[in-house]
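Asks: Next up is a structure, given as structure tokens.
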Amino acid sequence: MAIILAIDTSCDDTSVAVSNDWTILSNIVASQNQIHKQFGGVFPTMAKQAHQVNFLPTLNMALQQAKVTWEDIDAIAVTYGPGLAPALEIGIDFAQKLAQQYHKKLLKINHIEGHALSAYARPHSDQPKSASFIPDTWPKLALVISGGHSEFIMINEPGKYEILGRTIDDAAGECLDKVGRMLNLGYPAGPLLEKFAQQGDASRFHFPQPMTDRHDFHLSFSGLKTSARLLIENLERQHQLESQSTYDLAAAIQQAVFDHIIYKFERILYSPDIEHKIYPDRETMKKIFHTALATRKAAISSAQPIQAILLGGGVAANMSLRRALRASLRRFEKQTHQHLPLYVPYTKKLCSDNAAMIAIAAVSHYYRGEFVTPGEIDRQPQLVLE
Ligand code: KG4
Ligand code: ZN
């Protein structure tokens, strides 16, 4: 068993967590939402200052809640990218100083790896092999859908990643936040859009499906954002942006964003050759969904090697997205008789930025002995997962 103290200051949340392998002992997040609300987005120098002020109280609370002392800690893990450079620096600086001061092993962790593996986290009271137990079979497909990232990541085995597709412009959460801002919903708007969407009729507004003519697994959300802006401006001009229109718009944009994710997700599921990233064309998809069983079987040429789906990132907290993914996997099972389980983090706190997911990602690095020496870690704002 490894007791890991993890630190994440990649964006606007200061977070410190303590874990015992995959069991979370504490996960403290000092949010800066109140500070950045006034700017409608994260202001990097303010984020840096707030990290500096919040770090030590957050650290002390994490140790206290986990009921551990420095003697119990086996290693310190810290996010070194991707993220905002001034924000990353603070976490790295504290991690290196603490490792030196308390003579602890040090691990540098990719923030996206944390989101991708966040479903592995287990609550303190959980028993091994309970509902959250994820079998050790590979490959798994991770969907990281957050405010900064939207990626399909193939995990071929622990530590071996391949990006199958990613957004070529805005992230899904960023798109929702920007549309929310146009509707004066505050920052971040994702959670409020979800609430509003429950009272709305998504069919009232139509958004064009992006990237259907591209034969790859990449995503794009900026076109949806532009369509939403034009729609909102139009409604405003006609004095029709009352509350029901806002609810309907929230429902429609949310559905359009999730439909796009599901569209590309299904292209991965039904790919005739995922190793070579072969994209099934529209005809094949039509055959799969709309023809008799025999033709369908012929269209699905090879068995999907993926063993399970992992969902992570801030937007993973959204219940409509989870429902849409589950429905898609049920369709997949009906068509192929192959069951693909979906694993989501056990609490919504593990979806948005937090240090517990960094501790979870650190576990395999710890057992592989991938330690670094203090002073060696460089922040990498554009770090990619490989
Ligand atoms: O993972 P995260 O905290 O930060 C990044 O690494 O980006 O994700 C934050 C994003 C924001 O865009 C926020 O609006 C979105 O996650 N979000 C949601 C929900 N909760 C948070 N989006 C849709 N529905 C939600 N319930
Ligand atoms: Zn994140």
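Asks: What residue, of G190, G186, is on the phi > 0 side of the Ramachandran plot and either within 14 Å of ligand 1 (Cβ to nearest atom) or touching an Asp or Glu at 6+ places or on another chain (Cβ under 6 Å) (or both)?
Replies: Values: G190 fails: on the phi > 0 side of the Ramachandran plot.
Of G190, G186, the one residue that is on the phi > 0 side of the Ramachandran plot and either within 14 Å of ligand 1 (Cβ to nearest atom) or touching an Asp or Glu at 6+ places or on another chain (Cβ under 6 Å) (or both) is G186.
Asks: Which is away from ligand 2 (no atom under 16 Å from the Cβ) and either under 21 Å from P381 (Cα atoms) or not in a helix (DSSP H, G or I) (or both), of A30, A50, A17, A6?
Replies: Numbers: A30 fails: away from ligand 2 (no atom under 16 Å from the Cβ); A17 fails: away from ligand 2 (no atom under 16 Å from the Cβ); A6 fails: away from ligand 2 (no atom under 16 Å from the Cβ).
That would be A50, the only listed residue that is away from ligand 2 (no atom under 16 Å from the Cβ) and either under 21 Å from P381 (Cα atoms) or not in a helix (DSSP H, G or I) (or both).
Asks: Inspect all residues belonging to segment 358-381 and state whether any of them is closer than 30 Å to A256 by Cβ and not in a loop (DSSP other than H, G, I, E, B).
Replies: Within segment 358-381, none of the residues are closer than 30 Å to A256 by Cβ and not in a loop (DSSP other than H, G, I, E, B).
Asks: How many residues are in a helix (DSSP H, G or I), within 15 Å of A251 (Cα to Cα) and in contact (Cβ under 8 Å) with a residue 24 or more places away in the chain when one looks only at segment 316-333?
Replies: Going through segment 316-333 one residue at a time, the tally reaches 4.
Asks: State the number of residues belonging to segment 70-88 that are over 17 Å from A356 (Cα atoms), in contact with a helix residue (DSSP H, G or I) (Cβ under 7 Å, 6 or more places away or on another chain) and more than 16 Å from ligand 2 (Cβ to nearest atom).
Replies: 2
Asks: Sticking with this structure for a sec: Search segment 168-202 for residues being of a type in the set (S, T, N, Q) and modelled with pLDDT of 95 or more, and hand back the single one that is nearest to ligand 2 (Cβ to nearest atom). Give the derivation first.
Replies: Keep residues of segment 168-202 that are of a type in the set (S, T, N, Q), which gives 184, 198-199.
Now narrow it down to the ones that are modelled with pLDDT of 95 or more: 198-199.
Values: Q198: 25, Q199: 28 Å.
Residue satisfying both the conditions and the ranking: Q198.
Asks: Restricting attention to segment 65-94, and to residues there that are under 18 Å from N20 (Cα atoms) and hydrophobic (A, V, I, L, M, F, W, C), which single residue is surrounded by the fewest Cβ atoms within 10 Å (Cβ to Cβ)?
Replies: It comes out as W70.
Asks: Here is a list: D281, D259. Which entry is of a type outside the set (G, A, S), within 16 Å of ligand 1 (Cβ to nearest atom) and surrounded by fewer than 18 Cβ atoms within 10 Å (Cβ to Cβ)? Write out each step before concluding.
Replies: Working: D281 fails: within 16 Å of ligand 1 (Cβ to nearest atom).
Just a single option satisfies the conditions, and that option is D259.
Asks: Same structure, new question: Could you say whether any residue in segment 82-90 is in contact with a strand residue (DSSP E or B) (Cβ under 9 Å, 6 or more places away or on another chain), in contact (Cβ under 8 Å) with a residue 60 or more places away in the chain, under 24 Å from L117 (Cα atoms) and acidic (D, E)?
Replies: no
Asks: Take segment 64-98 and flag every residue that is among the β-branched types (V, I, T) and assigned to a helix (DSSP H, G or I).
Replies: Residues of segment 64-98 that are among the β-branched types (V, I, T), as a first pass: 68-69, 73, 76, 78-79, 90, 92.
Within segment 64-98, I90, I92 qualify.
Asks: For a quick check of your reading of the model, give me the residue pairs whose first member lies in segment 138-158 and is at negative phi and within 16 Å of ligand 2 (Cβ to nearest atom), whose second is part of a strand (DSSP E or B) and acidic (D, E), with beta-carbon atoms closer than 6 Å and at least 6 apart or on different chains.
Replies: Hits for this filter: V144/E151.
The values are calculated or read from the model by the stated rules, or taken from the named source; none is laboratory data. Keep in mind it's a predicted model, so treat the numbers as computed, not measured. Don't worry about glycine lacking a Cβ; one is built from the backbone with ideal geometry, like all the others, and counts go over all protein chains shown.
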